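Below: the structure, in structure tokens.
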Amino acid sequence: MNKILTILTLSFSILSASLISVNSPLSQFNSYKFQTPTSHEIKISKETNLIIIAFEKNTGALVNEYLRTKDIYYLQKNSAIYIANIHAMPSIIRKIFAIPKLQKYKHLIYLQYDEEFQNNTPNKEGKITLLRFENGKISNISFITTEAQLQAAIEQ
């Protein structure tokens, strides 16, 4: 009986998971919990036109190094946000090394700890995910690997 209940629960979870794709509404992102590096819960503004997502250490480092050279409000001025998905990082490494380092950056970072977010969001190994929004819905999904591509996407 417990096996049947477990299978039904897992099946429901998989079916209820909403994959993010072109035409997905921006509001779908606020079903996930985001925090700043200082542990404050944060929501995604409806004015957001670009979401930049890093799922790996190297892609996150590229985004952070680029943003480190910019004004503190650079992302906000360009209606963009940056999400760092750090769910795969071991919690001890996250607490001792990653979070203190992320707290030193002047730009706003939305931290995401949920594996479901990565499973439901388009991503490719070694690439930064860009989600472009028009009228509150995803109009384009792309993947980049360079600072020049990142700058072009943000300043578009």
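Some values worked out for this structure:
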quantity	calculated
Ascending count of other beta-carbon atoms within 10 Å, so fewest first, for 116, 65	65, 116
Phi-based couplings in Hz for the stretch 116-127 (Karplus 6.51, -1.76, 1.60; Gly and Pro marked x)	4, 4, 5, 5, 9, 10, x, 7, 9, 4, x, 10
Members of 46/95; 104/124; 57/106; 70/124; 106/137; 33/70 lying beyond 24 Å, as alpha-carbon distances in this model show	46/95; 104/124; 70/124; 106/137; 33/70
Chymotrypsin sites (Phe, Trp or Tyr not before Pro) within the stretch 61-123, DSSP loop, no more than 13 other Cβ atoms inside 10 Å	73
Net charge dipole size for the chain [Lys, Arg +1 and Asp, Glu -1 on Cβ; Debye, nearest 20]	300
Relative contact order, percent, the chain [alpha-carbon distance under 8 Å, six or more residues apart]	32
Kyte-Doolittle at least 0.5, axis length at least 20 Å by Cα - qualifying DSSP helices, the chain	2-16
20 °C / 1.002 mPa s Stokes-Einstein diffusion coefficient of the stretch 2-154, Kirkwood radius on C-alpha pairs, µm²/s	132
Mean Cβ neighbour count within 10 Å, used as a protection proxy, ranking 54-60, 129-135 highest first	54-60, 129-135
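Read-outs throughout are calculated quantities, based only on the coordinates presented, and are distinct from any laboratory measurement. Treat the numbers as computed from the prediction; the structure is a model and nothing was measured. We place every Cβ from the backbone using ideal geometry, glycine too, and count neighbours over all the protein chains shown.
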